[in-house]
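The values are calculated or read from the model by the stated rules, or taken from the named source; none is laboratory data. Note that the coordinates shown come from a computational prediction; the quantities given were computed from them, not determined experimentally. All Cβ positions, even for glycine, are placed from backbone atoms using ideal geometry, and neighbour counts span all protein chains on display.
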Amino acid sequence: MYDFAIVGGGIVGLSTGMALYQRFPNAKVVVIEKEAVVANHQTGHNSGVIHSGIYYKPGSFKARFARQGSKSMTEFCRVHGIEHDICGKVIVATKPEELPLLDDLYSRGLQNELAIQRIGVEELKEIEPHVNGLGAIRVPQAGIVNYRQVSEKMADIIRGNGGEIKLNTKVEKIDEDFDDVIIDTNNGTLKARMVINCAGLHSDRIAAAAGYKTDMKIVPFRGEYFKLKPEKRFLVNHLIYPVPNPKFPFLGVHFTRMISGEVDAGPNAVLSFKREGYKKPTSMRKI
């Protein structure tokens, strides 16, 4: 019998397990993951940015969690020797009509208690010589990391506290009893006092397996990126972002330095047509 069973071995599930041991050191925790490794889905398919929270409404949970998360992630990497780079970000206005929006964003960042700077053309050229802009916000605390490595370390911490990570284990059905929860999987049946659903894009299916019907529908989108040639990576020193367009509240095309040394440019946003559609279908790639 486990005290807590967490469904999903991505960074949300693993950080939940780690936090449970911080609060309940003697608890029995199991993380159930259908893949052969942790962080195989959304956690392992993102740009690896440590965000500052500059975009979010001051005082909101998003702003607070992003700010606190940035600090705690950086400290976690430092303590555990995980490679990361607090390279900073510049948000650049390229048109006169974007300057008022940049000023509004700067004000929002200050309200979110971020140590940011509003810089002009000359300062922008000093730190990003190959960027043409009319002004920018410099966000020094933004950075990059490999979240797969972060997740693997979290899994190690859970195991070190006596917890279990059950890989290649897919939840098929969940039944709630008066005192416990029975979890049927392809690798046998588990019992726990509490189940925590951290299954990401499959969270609705896990809820349905427990008999809960939600009114939400998951519509998966995929972002696609180009990569700069190795000999052109010197063109980008920071993370380089555009001023958000309020008419199209999506992530703007930007340059992202990766912890591997690569530099991505993008994304677009396309329907993936399946929950784990991380790549273009083969037939589309041949067009």
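Check Glu83, Glu75, Glu33, Glu97 and return the single one that is surrounded by 21 or more Cβ atoms within 10 Å (Cβ to Cβ) and on the phi < 0 side of the Ramachandran plot.
Exactly one residue qualifies, and that residue is Glu33.
In region 187-228, how many residues are in a loop (DSSP other than H, G, I, E, B), on the phi < 0 side of the Ramachandran plot and in contact (Cβ under 8 Å) with a residue 24 or more places away in the chain?
Selection size over region 187-228: 10.
Among the residues that make up region 162-175, is at least one of them free of Cβ contacts under 8 Å to residues at least 40 places away in the same chain and buried (at least 17 other Cβ atoms within 10 Å of the Cβ)?
Yes, that holds for at least one residue.
Checking Ala155 against (1) surrounded by 16 or more Cβ atoms within 10 Å (Cβ to Cβ); (2) assigned by TED's automatic domain parsing to the domain that holds Thr16; (3) over 26 Å from the mean Cα position of the chain (by Cα), which single condition isn't satisfied?
Unmet for Ala155, out of (1) surrounded by 16 or more Cβ atoms within 10 Å (Cβ to Cβ); (2) assigned by TED's automatic domain parsing to the domain that holds Thr16; (3) over 26 Å from the mean Cα position of the chain (by Cα): (3).
Taking the criterion of being surrounded by 12 or more Cβ atoms within 10 Å (Cβ to Cβ), within 30 Å of Leu101 (Cα to Cα) and not hydroxyl-bearing (Ser, Thr, Tyr), would at least one residue in region 208-219 satisfy it?
There is no residue in region 208-219 that is surrounded by 12 or more Cβ atoms within 10 Å (Cβ to Cβ), within 30 Å of Leu101 (Cα to Cα) and not hydroxyl-bearing (Ser, Thr, Tyr).
All but one of (1) under 14 Å from the mean Cα position of the chain (by Cα); (2) modelled with pLDDT of 95 or more; (3) not aliphatic (A, V, I, L, M) hold for Gln42; which doesn't?
So Gln42 meets the others, but not (2).
Let me confirm something: among Ala142, Ala192, which residue is of a type in the set (Gly, Ala, Ser), modelled with pLDDT of 95 or more and under 23 Å from the mean Cα position of the chain (by Cα)? First the steps, then the outcome.
On the way: Ala192 fails: under 23 Å from the mean Cα position of the chain (by Cα).
From the options Ala142, Ala192, the qualifying one is Ala142.
Suppose we filter region 229-247 for residues that are closer than 28 Å to Gly109 by Cα and part of a loop (DSSP other than H, G, I, E, B); how many remain?
8
Considering only residues that are buried (at least 18 other Cβ atoms within 10 Å of the Cβ) and more than 14 Å from the chain's Cα centre (by Cα), which ones fall in region 45-66?
Within region 45-66, Ile54, Tyr55, Tyr56, Ala63 qualify.
Just to confirm my filter: which strands (runs of 3 or more DSSP E) fall fully inside region 1-117 and include at least 2 residues that are out of contact with any Gly (no Cβ under 7 Å at 6 or more places or on another chain), touching a residue at least 24 places away in the same chain (Cβ under 8 Å) and over 29 Å from Val263 (Cα atoms)?
Fully inside region 1-117 and qualifying: 2-7.
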